[in-house]
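Visitor: One structure follows; several queries about it will come next.
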Amino acid sequence: MRITYAFILAFLSLLLAGCDDRRTVGGEEPDAAGAYLKLTVAVAPQSRSNPSPGEEGDGREDGVRKENDIEDITLFIYNDPGDGLDSDAATPLLFSCHASAADLKREADGVSCVLQLSGYTPGAAHRVIAVVNAGDIRDEVRTLGELRVRLATGAWREGKTPGACYRFMMASAFNGAKRTDDDGKIIRLRDGASDRDNPAFAARVSVERVAARIDLMFADSSDLGIEYVVNSTTGATLSLTHALPVNRMLAPSYTLKHVSEGMDTSALLVCGDETTSGGVATNYVIEPSTLLKTGDVTDAMLDSWYGDSRASRLRGNTGAFGSSAQIASLLSESMAITAPDGPETRFLTLAYANENTVTDAQAGDWRFVTGLAFRAVYRPARIYADASCSASVAPERGGSTFWLVRPTRQEMREEDCLYFTTETAARAYADAHPELLATVTGYEGGVCYYNLWIRHAGELPGIVRNNIYCVGLSFTGPGEPLPEITIPKYVESRIFVRKWNFRPQGEILM
């Protein structure tokens, strides 16, 4: 049985109206063994009203489809001496419990379940950790340290298309030592006996997804794909037909988020905040492979991390852009969006991804950085049939073969290029104008390729959990005739990093 839940962002009270004796457990409170606790799991509240790249990015965006499903919750409780989730690794997990879908209830401020605290008595410094959609993992961890290094082997489950993916794993978002509110605290609601309808205790835990999402924003589409006007002056257009993730991380990340303490990667914090200054990251998000990405990386390591999406495997490989990467087949899944700027009004989810981060020393190493590769059909406004440019033909809608004569200039513009129906005519024109220092390139059927790299904060590339990377595109001319996964050429991208919210309204999207 699967229950679909939606969430509301506002941080609401956990208590029933008129209940004025709320207080933290501990001290000389009555013994609570066998009592009941109401656990509420909800989205992490926004902590910045004026966000910047990284932690809060360009605002927040609601989850859609099955991204909001919750099928089970595993609860862990530990004693927090003051360091929160960074407490000693040997800190025992005092109590654990698993709730299945049948135990869950959707409420205004999240999803709740009532759990019996058999054989356990809450203490004043006890804190709650929640792991969602991971199954019953109680047998895998006994200490806080074991939970911190546990790998999220199933950040989501694959469907035939991104819209059919499901069971997105989530885990506690905040480090108790760094919070001043009640997130993760156990609160006493009443003294004396309790039951499922009247629990004695309550706790609220904010969670975040372990995966990330990559979206493409766009305005116009057709049966060929997504349509772009390259140059309104010349009338050049293109159809974006295929999209592939590059260096999509396959290896799992940690169940709980790890960040460095400042730029020192030897000191890590669990569920800490990312920090930026002037849009530039001042610390790192660390997934298990981050510090292994050096010049000594082997082919076997790269294959295990990225598989067929590895940059070197896509370079020159036109066969990689098959039916599964076809944009036209995904357009029925596109959704409306209010874009931060620009004319884009729709978005298409291209892929979900595990965390993939690097330090600044590897920021320009395309062996590691996550990006996107595109196949497109380019249509110049006119294609000349002879070297004198006295006769021209219009390209076919589905693409026409042409030879591009591109002058060598510091700032290349589409209107500086000329297109010819034959290589002979193109080379004759280039030979007649040696001052252009022109290159001549053929495009079979007008097909060309582009690529770009995703940046998480300022100049630092990366993919970080619970973020949506909204990519907007514009083009300045034909791309490469074969996939060339390197410095992006003739494509400009705007990447809006947005926190991945739960959908606030109670709709089930089919």
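Visitor: Show log10 I(q)/I(0) for the range 171-243 at q = 0.15 Å⁻¹, two decimals, from a solvent-free Debye sum over equal Cα scatterers.
Guide: Debye output, listed in q order: -0.71.
Visitor: Can you work out the accessible area per residue across the chain, with the rest of the protein chains kept in place, probe 1.4 Å, in square angstrom?
Guide: Value returned for the chain: 41 Å² of accessible area per residue.
Visitor: Between Gln410 and Thr233, what is the FRET efficiency for a Förster distance of 35 Å, r being their Cβ-Cβ separation, to the nearest 0.05?
Guide: 0.95
Visitor: Heads up, I need the accessible area for Phe95: 1.4 angstrom probe, whole protein in place, Å², nearest 10.
Guide: Around 20 Å² of this residue is reachable by solvent.
Visitor: Please express the Cα-Cα pair-distance distribution P(r) of the chain as a list of whole percents, one per 10 Å bin, running from 0 to the bin with the greatest distance.
Guide: 4, 18, 25, 22, 14, 8, 5, 2, 1, 0
Visitor: Within the P(r) computed for the range 254-342, what percentage of the Cα pairs occupies the region above 15 Å? Working shown, then result.
Guide: Details: 2947 of 3916 pairs.
Cα-Cα pairs of the range 254-342 separated by over 15 Å account for 75 percent.
Visitor: Could you run the Karplus curve 6.51 cos²θ - 1.76 cosθ + 1.60 with θ = phi - 60° over the range 243-254 and give me ³J(HN,Hα) per residue in whole Hz, x for Gly and Pro?
Guide: Rounded to whole hertz, the list is 9, 10, x, 10, 6, 7, 5, 9, 5, x, 9, 6.
Visitor: With all protein chains present and a 1.4 Å probe, how do Leu437, Leu250 order by accessible area, largest first?
Guide: Ranked list, largest accessible area first: Leu437, Leu250.
Visitor: Which lysines, on any chain, are close to Lys489 with Cα under 29 Å apart, when same-chain ones fewer than 8 places away are left out?
Guide: Qualifying lysines at Cα under 29 Å: Lys293, Lys499.
Visitor: Each label point is 7 Å from the Cα along the Cα-to-Cβ direction; what then is the distance between the points at Glu333 and Ser100, in nm?
Guide: 2.9
Visitor: How compact and how long is the range 229-379, expressed as Rg and Dmax of its alpha-carbon atoms in Å?
Guide: Considering the range 229-379 through its Cα atoms, Rg and Dmax are 18.5, 55 Å.
Visitor: Give me the number: length gained by fully extending Tyr166 to Ile137, i.e. 0.36 nm times residue separation minus the C-alpha to C-alpha distance, one decimal in nm.
Guide: That works out to 8.6 nm of additional length.
Visitor: Same structure, new question: Under a point-charge model restricted to the Cβ atoms of Lys and Arg (+1) and Asp and Glu (-1), what is the dipole moment magnitude of the chain relative to its Cα centre, in debye to the nearest 20? Present the calculation step by step, with values, prior to reporting the outcome.
Guide: Values: 50 positive and 67 negative charges, 136 e Å.
I would put it at about 660 debye.
Visitor: Give the accessible area for Trp156 in Å² (nearest 10); use a 1.4 Å probe, count only protein heavy atoms, and leave out ligands, DNA and RNA.
Guide: For Trp156, solvent-accessible area is about 30 Å².
Visitor: Which order do Ser221, Ser232 take when ranked by solvent-accessible area (1.4 Å probe, heavy atoms of all protein chains), largest first?
Guide: Details: Ser221 50, Ser232 105 Å².
Ranked from most to least accessible, the order is Ser232, Ser221.
Visitor: Can you list the residues, at least 5 places off or on another chain, whose amide H is less than 5 Å from the amide H of Glu107, using H built in the peptide plane?
Guide: Ser112
Visitor: Here is a follow-up. About its Cα centre, how strong a charge dipole does the range 145-269 have in debye, to the nearest 20, once Lys and Arg get +1 and Asp and Glu get -1 at the Cβ?
Guide: Roughly 460 debye, rounded to the nearest 20.
Visitor: Solvent-accessible area of Met263, probe 1.4 Å, all protein chains present, reported in Å² to the nearest ten, please.
Guide: Roughly 90 Å² of Met263 is accessible to a 1.4 Å probe.
Visitor: Sort Tyr490, Tyr450 by accessible area with a 1.4 Å probe, largest first.
Guide: Descending order: Tyr490, Tyr450.
Visitor: Return the distance in nm (one decimal) between the two label points of a simple spin-label model at Ala193 and Ser222, each offset 7 Å from Cα along Cα→Cβ.
Guide: Roughly 7.4 nm, to one decimal.
Visitor: With a point put 7 Å past each Cα toward its Cβ, work out how far Asp264 is from Arg397 in nm, to one decimal.
Guide: That separation, rounded to one decimal, is 6.4 nm.
Visitor: Right, something else. Per 10 Å bin, what is the whole-percent P(r) computed from every C-alpha pair distance within the range 105-182?
Guide: 12, 37, 38, 10, 2
Visitor: Which percent of the Cα-Cα distances in the range 276-319 go past 14 Å?
Guide: 63
Visitor: Quantify how much of the Cα-Cα distance distribution of the range 51-205 extends past 25 Å, in percent.
Guide: Every Cα pair in the range 51-205 considered, those over 25 Å come to 36 percent.
The values are calculated or read from the model by the stated rules, or taken from the named source; none is laboratory data. Remember, it's a predicted structure, so these values are computed and weren't measured experimentally. Here the Cβ is made from the backbone with ideal geometry for all residues, glycine too, and neighbour counts use every protein chain on show. Side chains are part of the model used for accessible areas, which takes the heavy atoms of the whole protein and leaves out ligands, DNA and RNA. Shrake-Rupley method; radii C 1.70, N 1.55, O 1.52, S 1.80 Å.
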